[in-house]
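The values are calculated or read from the model by the stated rules, or taken from the named source; none is laboratory data. Source: prediction; values computed, not measured. Cβ atoms come from the backbone with ideal geometry, glycine included; neighbour counts cover every protein chain shown. With ligands, DNA and RNA removed, areas are computed over all heavy atoms of the protein, side chains included. Shrake-Rupley method; radii C 1.70, N 1.55, O 1.52, S 1.80 Å.
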Amino acid sequence: MTEESWHQARLIPTSGINGADEQERRATSALLAVMSSVREFGRVLTQPLGAPAGQLETFIEVPFYLGERRLYPDGLLRSRRGQKEWTALVEVKTGVNALDAEQLEAYLDIAREQGFDAVITISNEIPAVAGLHPTTVDKRKLKRVALHHWSWSMVLAEAVLQKEHRGVADPDQAWILGELIRYLEHPRSGALQFDDMGPSWVTTREAVASGTLRAGDKCAPEVAARFDALLTYVSLQLGRKLGEDVTPALSRKQLADPALRSQSLVQSMSTQGTLQGAINIQNAVGPLVVTTDLRAGVVTCHVDIAAPRDGRATTRVNWLLRQLRHAPDSTRVEAFVMHGRGAGTAELLRAVRDQPALLIEDPKKDLRSFRIALGSPIGSKRGRGRGSFIDSVENAINTFYGDIVQDLRAWTAAPPRLREVPETSDERPALTSTALSSQDGAEADEIPQQPEDGHALHPDAPDDRWDTEGAGQPSPSLAGGRPGTPEPSI
């Protein structure tokens, strides 16, 4: 037998997983053990929940009594620092298993009775809006205990970011975190990718294509929630590759009231047949906006960038073209003028490269901003694979960022330059001040200069006659006294 067929021993093996219970138990134990062993990883997960920066203790299947019932939450987290202690129960689901509202409410009751701070759920469900829990529970049970949710995609993304980009101080702990990543990336771990647009996808897509979808249809909100979950998933995957935080872009109103976001998506589907969202990428020129047209079968990504504030219109267009050297010819470029309303000029990049003036409608008007957009065909299948909606959206975002967005830089004005001061000569200074002033201009060159002997030129004398009074040579015009005075008689 050759060594190529041997399986390397792993700290967290995927072999021997028999059924969903074993899968959940192994995933829970592996995750909580690594959180307590790798301090940086445990801290990045628990700090946003209010846990102190102390040593993290983790336990699995801790028994509790609720009335006469004996319950076993999948795990427990506890962190202490000084007089502060933070404790949370953990409920885990893997694969396609969904969280159960009745079970979560029972754990919330246990946490309240025990004086615990939170209940954390982990599953493959991705909430449509950050901070929103995928399972609806009785809000009265949340008065004293917080309910948080981690998706396995988020846990895996944070693990990769910590190991590959942020770093782990101890090499052995970095290796342990790498073993957790290997385990969660294995198909048998139960930490699945986002791979389904939901059972209402086909019905909703066909209703949009035929123009029969109405805002009150029950299937539309589910598809809207799945679309936002897809954007969250793609943001996590892109953040893993970039090593930066990538998050969906939502307004303050939508974050405060997630129902507004769902209503907006349902309205756009029923009236325009589109689903639109945006993601924020750290240090990018602007949000990356994604628009899926379910009627036309096209997904379009675009980004807006401010035009330079100086230079001619052609100079501003050329400034943008230099940054689009890797962009495909099918990229659409739009230009908007200052104080202009409505659509601006638009051309494909292949034409603008040959004639930059195509984007300039009026040379007298300053360009305000540009919009760069790229479209591609969209899939219709609800799952993953070739011809799927999920893969086509993810590929469109990754391609647009790699070919266009990562090369764009915002314009910055040139810094002011120091004023050049002319060199001064070593000649003998006159009695009047000749020091340079900030107010000296071209008129300073017209002031008569001192002759070599240091005597001043008389204002009434011609250019070639110099006042030599006091130098032994009397001036004819000044003989006998002041100018214009007759000679005294003897």
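Scan the stretch 171-198 for residues that are free of Cβ contacts under 8 Å to residues at least 40 places away in the same chain and open to solvent by 60 Å² or more (accessible area, probe 1.4 Å) and jot them down.
Passing the criteria: Pro171, Asp172, Trp175, Glu185, Pro187.
Scan the stretch 179-207 for residues that are under 27 Å from the mean Cα position of the chain (by Cα) and not in a helix (DSSP H, G or I) and jot them down.
Correct list: Ala191, Leu192, Gln193, Phe194, Asp195, Asp196, Met197.
Applying the selection to the stretch 99-126, what residues are over 15 Å from His148 (Cα atoms) and assigned to a loop (DSSP other than H, G, I, E, B)?
Gly115
Looking for whichever is out of contact with any Gly (no Cβ under 8 Å at 6 or more places or on another chain) and more than 19 Å from Ser123 (Cβ to Cβ) here; the options are Gly211, Gly273, Gly198, Gly216. Which one fits? Before you say what the answer is, go through the steps one by one.
Values: Gly211 fails: out of contact with any Gly (no Cβ under 8 Å at 6 or more places or on another chain); Gly273 fails: out of contact with any Gly (no Cβ under 8 Å at 6 or more places or on another chain); Gly198 fails: more than 19 Å from Ser123 (Cβ to Cβ).
The conditions single out Gly216.
Do you know which residues across the stretch 346-379 are open to solvent by 30 Å² or more (accessible area, probe 1.4 Å) and hydroxyl-bearing (Ser, Thr, Tyr)?
Ser376
Out of all the residues in the stretch 121-136, is one or more at pLDDT below 95, among the acidic types (Asp, Glu), farther than 24 Å from Arg43 by Cβ and more than 32 Å from the chain's Cα centre (by Cα)?
Looking for residues that are at pLDDT below 95, among the acidic types (Asp, Glu), farther than 24 Å from Arg43 by Cβ and more than 32 Å from the chain's Cα centre (by Cα), one finds none in the stretch 121-136, hence no.
What's the total number of residues in the stretch 393-404 that are open to solvent by 20 Å² or more (accessible area, probe 1.4 Å) and of a type in the set (Gly, Ala, Ser)?
Residues of the stretch 393-404 that are open to solvent by 20 Å² or more (accessible area, probe 1.4 Å), as a first pass: 394-395, 398-399, 401-403.
Checking which are of a type in the set (Gly, Ala, Ser) leaves us with 402.
The qualifying residues number 1.
Tell me which residues, restricted to the stretch 281-327, are part of a loop (DSSP other than H, G, I, E, B) and of a type in the set (Gly, Ala, Ser). Before you say what the answer is, go through the steps one by one.
Of all residues in the stretch 281-327, those part of a loop (DSSP other than H, G, I, E, B) come to 282-287, 294-297, 307-312, 324-327.
Result: Ala284, Gly286, Ala296, Gly297, Ala307, Gly311, Ala327.
Consider Phe389 carefully, then state whether it is at pLDDT 90 or above, farther than 27 Å from Arg309 by Cβ and either loosely packed, with under 11 Cβ neighbours inside 10 Å or in contact with a Ser or Thr (Cβ under 7 Å, 6 or more places away or on another chain) (or both).
Numbers: at pLDDT 90 or above: yes; farther than 27 Å from Arg309 by Cβ: yes; either loosely packed, with under 11 Cβ neighbours inside 10 Å or in contact with a Ser or Thr (Cβ under 7 Å, 6 or more places away or on another chain) (or both): yes.
For Phe389, the condition - at pLDDT 90 or above, farther than 27 Å from Arg309 by Cβ and either loosely packed, with under 11 Cβ neighbours inside 10 Å or in contact with a Ser or Thr (Cβ under 7 Å, 6 or more places away or on another chain) (or both) - is met.
Considering only the stretch 107-142, state which residues are open to solvent by less than 10 Å² (accessible area, probe 1.4 Å) and of a type in the set (A, V, I, L, M, F, W, C).
Selection gives Leu108, Ile110, Ala111, Ala118, Val119, Ile120, Ile122, Val129.
Criterion first (closer than 21 Å to Thr94 by Cα, out of contact with any Leu (no Cβ under 8 Å at 6 or more places or on another chain), open to solvent by less than 50 Å² (accessible area, probe 1.4 Å) and among the β-branched types (Val, Ile, Thr)) does Val160 satisfy it? Lay out the reasoning, then the answer.
Numbers: closer than 21 Å to Thr94 by Cα: yes; out of contact with any Leu (no Cβ under 8 Å at 6 or more places or on another chain): yes; open to solvent by less than 50 Å² (accessible area, probe 1.4 Å): yes; among the β-branched types (Val, Ile, Thr): yes.
For Val160, the condition - closer than 21 Å to Thr94 by Cα, out of contact with any Leu (no Cβ under 8 Å at 6 or more places or on another chain), open to solvent by less than 50 Å² (accessible area, probe 1.4 Å) and among the β-branched types (Val, Ile, Thr) - is met.
Select from the stretch 137-162 the residues that are more than 20 Å from Thr28 (Cα to Cα) and either under 21 Å from the mean Cα position of the chain (by Cα) or at pLDDT below 90 (or both) and list them in ascending order.
Leu161
Among Ala224, Ala259, Ala207, Ala220, which is the only one that is over 12 Å from Ala130 (Cα atoms), without any contact (Cβ under 8 Å) to a residue 12 or more places away in the chain and of a type in the set (A, V, I, L, M, F, W, C)?
Numbers: Ala224 fails: without any contact (Cβ under 8 Å) to a residue 12 or more places away in the chain; Ala207 fails: without any contact (Cβ under 8 Å) to a residue 12 or more places away in the chain; Ala220 fails: without any contact (Cβ under 8 Å) to a residue 12 or more places away in the chain.
None of the other options fit; the residue is Ala259.
How about the stretch 307-318: which of its residues are of a type outside the set (Gly, Ala, Ser), open to solvent by less than 40 Å² (accessible area, probe 1.4 Å) and more than 23 Å from the chain's Cα centre (by Cα)?
First pass over the stretch 307-318, keeping only residues of a type outside the set (Gly, Ala, Ser): 308-310, 312, 314-318.
Those still in the list that are open to solvent by less than 40 Å² (accessible area, probe 1.4 Å) too: 308, 316-317.
Matches in the stretch 307-318: Arg316, Val317.
Given Thr136, Thr121, which one is touching a Phe, Trp or Tyr at 6+ places or on another chain (Cβ under 8 Å) and of a type in the set (Ser, Thr, Tyr)? Full working, then the answer.
On the way: Thr136 fails: touching a Phe, Trp or Tyr at 6+ places or on another chain (Cβ under 8 Å).
Sole residue among the options that is touching a Phe, Trp or Tyr at 6+ places or on another chain (Cβ under 8 Å) and of a type in the set (Ser, Thr, Tyr): Thr121.
Return yes when Thr94 is closer than 19 Å to Leu192 by Cα, open to solvent by less than 20 Å² (accessible area, probe 1.4 Å), in a loop (DSSP other than H, G, I, E, B) and at pLDDT below 95 and no when it is not. Reasoning before the result, please.
Values: closer than 19 Å to Leu192 by Cα: yes; open to solvent by less than 20 Å² (accessible area, probe 1.4 Å): yes; in a loop (DSSP other than H, G, I, E, B): yes; at pLDDT below 95: yes.
The answer is yes for Thr94.
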